[in-house]
Every structure is written in C-alpha cells, then in structure tokens.
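Q: Below: one structure in structure tokens.
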Ligand SMILES: C[S@@+](CC[C@H](N)C(=O)[O-])C[C@H]1O[C@@H](n2cnc3c(N)ncnc32)[C@H](O)[C@@H]1O
C-alpha cells in the first residue's frame, strides 16, 4: 500500500531533521497525543540513537519534537540533559523506594530507574495507549502501565510515592494541569519525598510560567519551596523540584547530586549534570 501524501510529508520532515541516513522504524497516529508519532534510528559519530518524536505542535505543522531518546548501546543512560536533571529528584530523597512516573513516552526514566535504582518500584501512567505500545515495541518497556489521564489517576489513588516525576506533554505542549493536580501531587508525596516537573520550551511557551508558579504557590502554603534548574543560555528545558526532606534549599542540590552520582555509579560520575546550570528559587525568566 502506498503512503498517503501526509505521511510522505512527515517522512520528509523527519529526514530533514535527523539526516537522510536516519532509519524511520515507525510512523503512526497517536489519538490522545493528537499528532503522528514516529520512531527513528540515527547515528552521531560512534553513537547510535533511537528517538520517539512527534510531528506538528504549537509551533506549527512542520514542527518536529523529540519526546524521548535512547542510546542503543547503553539503553539505561539518559540521553537528554533534562532527563538527567529529572533524575536528581531521586538524589533529593533519602531512601527512594517508590516512584510515580507521569508521562511514559519512550520510557527513558523507567529504564534509568530499573538500572540505577533497582530497589525502587516505579508506577507508570500515560494517557495514550498508542505511545505505550510504541514504548513496549521499540524502547524495551516491559512493565505494566496504567493507561489513564494523570489527573484522573492522582484523583483516584491513595498511594504515596517518594519521587513523583511529571513529564506530561502532547503535541500542543504541556498537559492542562491545574491547582487540583498539584494539590493531589503534594498529597501523594511520601514524607521526605520530592516532586520534579519538566518544563519544555519554558522560555517560548507562555503557558508554562503560570502553571509552574501555581505549583510553587501551593507549596509555599504548606511551608515548602521550589527550586528551578536550567542550563544557562539554552532556554530549552527547565526542571522544577519540590523537595520535602531536610535538605531543601538550592545549596543542597549540588552535594546531593555528587553523592547520588557516586553511590549509584552514574555514567561519567554524573559530570556535567549541573555544569553551567542556573539554580534559582523563582521561575528564572520574567516573561510578563
Ligand atoms: C515527553 S513524553 C515523556 C517522556 C518520558 N519522561 C520518558 O522517560 O521517556 C510525554 C508523555 O506524556 C503523556 N501525556 C501527555 N498528557 C498526559 C496526561 N494528561 N496524562 C497522562 N499522560 C499524558 C504523553 O502521552 C507522552 O507519552
């Protein structure tokens, strides 16, 4: 069967982005995600990668977005810098034995937890069955996933988690998260737990700052503070941490990261994770 003109256009966009020697493994619609998603393999020097991406989005129909990536030789390594920052949520918890991963994508965080925190039991939630099927087929995911909107999941659970990682994006940007969602996240944190939230395109997508500040405001009402970390000058991803343990200030992040990298034997001893990063108490940009 020949490809539709739309699929042909998507293939051209993918090759334009990843290079003409890339190999497209899959291109399909993902209904809830609301965009075509694809799996592509490509090489960068001696490294071989597999990426889950999507076509279209808030920047227009030609936008290619990398949702998740895997190093084919070292699948448990985190490829994206923001994922390594997200992993620091575990460093800010004394004994992380339970984790809630909201937004499975290509299961990068799940592979990391399985390899580097084998005593930690992750619960996985994603609202798109098609994305979960892709993660199973192409990204080694072998654990059950609750296929449900993260908001509905949190509203219905009485479980407590040491780490909650929020990475909820579809083709249009961040999921519509509200105060009730953050309240449920805070309620679902075990004592001493840490909530970490990924904000992509935080400097260009104006939806981000008010939602991030809403989390910080609800945290303050409970006597807690958020920390924000992003790479200086890049303005791509920002990670917001809400730690509730004893070492909660921004000054605690670097020592926690060093300890975590050493104890967990992170690749390259975790070097570079916080290098050239800005660590702030407030959302780091004035976008008013
Ligand atoms: C960027 S990907 C997550 C990547 C992931 N952190 C990883 O380790 O590879 C975003 C995911 O969020 C999911 N998602 C978006 N909105 C959601 C919602 N409201 N509830 C649950 N999942 C959602 C999407 O289906 C997509 O799989």
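Q: Measuring from label point to label point, each 7 Å out along Cα→Cβ, what is the residue 129 to residue 232 span in nm?
A: 4.9 nm
Q: Taking only DSSP H segments of four or more residues, each worth -39500 (n - 2.57), what value at 222 nm results for the chain once the sum is divided by all its residues, to the nearest 500 deg cm²/dmol? Write out the running numbers ahead of the final one.
A: Numbers: 8 runs with 84 residues, N = 288.
That comes out to -8500 deg cm²/dmol.
Q: Could I ask something else about it? Report, in degrees rounded to the nearest 10, the 0 to 90 angle that the Cα long axis of helix 81-91 makes with the longest principal axis of the chain.
A: The helix 81-91 is inclined about 30 degrees to the chain.
Q: Measure nothing but the geometry: give the 0 to 90° angle between the long axis through the Cα atoms of 5-18 and the longest principal axis through the Cα atoms of the chain, rounded to 10°.
A: The two axes meet at around 60 degrees.
Q: Just how far, in whole angstrom, is the stretch 29-75 from the stretch 127-154 if you go by their alpha carbon centroids?
A: Spelled out, the Cα-based centre of one part sits 16 Å from the other.
Q: Rounded to whole Å and sorted largest first, list the principal axis extents of the Cα atoms in the stretch 26-111.
A: 44, 34, 20 Å, listed from the longest principal axis down.
Q: Here is a follow-up. Report relative contact order for the stretch 5-71 in percent, whole number only (criteria: Cα-Cα under 8 Å, sequence separation at least 6).
A: Relative contact order, the stretch 5-71: 23 percent.
Q: Give me 187, 170 ranked fewest to most by other Cβ atoms within 10 Å of their Cβ, as a rough exposure proxy.
A: On the way: 187 11, 170 21.
Placing the least packed residue first, the sequence is 187, 170.
Q: If r is the Cβ-Cβ distance from residue 180 to residue 59 and R0 is 35 Å, what FRET efficiency results, to the nearest 0.05? Walk me through the numbers on the way to the answer.
A: Details: r = 29 Å, r/R0 = 0.82.
Here the calculated transfer efficiency is 0.75.
Q: For residue 285 and residue 262, FRET efficiency with R0 = 22 Å and r from the beta-carbon atoms, rounded to 0.05?
A: 0.10
Q: Mean separation of Cα pairs under 8 Å and 6+ residues apart, divided by the residue count of the chain: what relative contact order is that in percent?
A: 15 percent
Q: Stretched out fully, how many nm does the piece from residue 11 to residue 204 gain, at 0.36 nm a residue minus the Cα gap? Display every interim value, and only then the final one.
A: Working: separation 193, 0.36 × 193 = 69.48 nm, distance 2.63 nm.
Extra length available between residue 11 and residue 204 comes to 66.9 nm.
Q: Another question, if that's okay. Residue 278 to residue 4: FRET efficiency via 1/(1 + (r/R0)^6), r the Cβ-Cβ distance, R0 45 Å, to the nearest 0.05? Mind dumping the intermediate values first?
A: Details: r = 45 Å, r/R0 = 0.99.
After rounding to 0.05, the efficiency reads 0.50.
Q: Another question, if that's okay. Provide, for q = 0.12, 0.14, 0.15 Å⁻¹, the log10 of I(q)/I(0) from a solvent-free Debye sum over equal Cα point scatterers in the stretch 5-71.
A: The computed values of log10 I(q)/I(0) come out as -0.27, -0.37, -0.43.
Q: Next question, about the same structure. Taking the 0 to 90 degree range and rounding to the nearest ten, how far is the long axis of helix 208-220 tilted relative to the main principal axis of the chain, both from C-alpha atoms?
A: The two axes meet at around 20 degrees.
Q: Which semi-axes, in whole Å and largest first, does the equivalent ellipsoid of the stretch 175-288 have when worked out from the alpha carbon gyration tensor as the square roots of 5 times its eigenvalues?
A: 23, 19, 12
Q: Can you sort 154, 224 by how many other beta carbons sit within 10 Å, fewest first? Write out the running numbers ahead of the final one.
A: Details: 154 23, 224 16.
If I rank by nearby Cβ atoms, fewest first, I get 224, 154.
Q: Send over the Kirkwood Rh of the chain, from the inverse of the averaged 1/r over different Cα pairs, rounded to one decimal Å.
A: Details: mean 1/r = 0.0517 Å⁻¹.
One decimal place: 19.3 Å for the Kirkwood radius.
Since every read-out is calculated from the coordinates, none of them should be taken as a lab result. Only a predicted model underlies this, so the values are computations on that prediction, with no experimental measurement involved. With ideal geometry, Cβ positions are generated from the backbone for all residues, glycine too; neighbour counts draw on all protein chains shown.
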